[in-house]
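Okay, so here's the structure we're looking at.
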Ligand code: SF4
């Protein structure tokens, strides 16, 4: 048996180590994020976007965070980069470091 040793020097592609949350105060309600990753984002009756957990349940608490599945990382990062409200925050679970979104370092993640 080999034990997997996660690499931490590639934040853009290190999947299960990322989480995402939305600042609903800035959400414009356009729904772009849902188009990118409907498994992660959903519009609620209030017209704002929220993240969902891995059981597809909407997390309505302001600033609620949900882990990002490996196969959805690219789409979630793209949504954060394209979000008109600049209110999708993708961050490293372990370090809290912003990976994409308004708090991320100047250089956008991904290419
Ligand atoms: S893309 Fe951003 S502004 Fe648009 S609905 Fe999603 S969170 Fe709100």
With a 10 Å radius around each residue's Cβ, average the other Cβ atoms per peptide and rank 25-36, 78-89, highest first.
78-89, 25-36
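What order do you get for 58-71, 39-52 when each peptide is scored by the mean count of other beta carbon atoms within 10 Å, highest first?
Sorting 58-71, 39-52 by mean packing, highest first, produces 39-52, 58-71.
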Length released on extending from residue 39 to residue 92, taking residue separation times 0.36 nm less the Cα-Cα span
17.2 nm
Applying 1/(1 + (r/R0)^6) with R0 = 22 Å to the Cβ-Cβ distance of residue 71 and residue 25, what FRET efficiency is obtained, to the nearest 0.05?
0.15
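Any read-out appearing in this document is the output of simple, stated calculations on the displayed coordinates, not a laboratory observation. If you're wondering where the values come from, they're calculated on a predicted model, not measured in any experiment. Cβ: placed from backbone, ideal geometry, glycine included. Neighbour counts: every protein chain shown.
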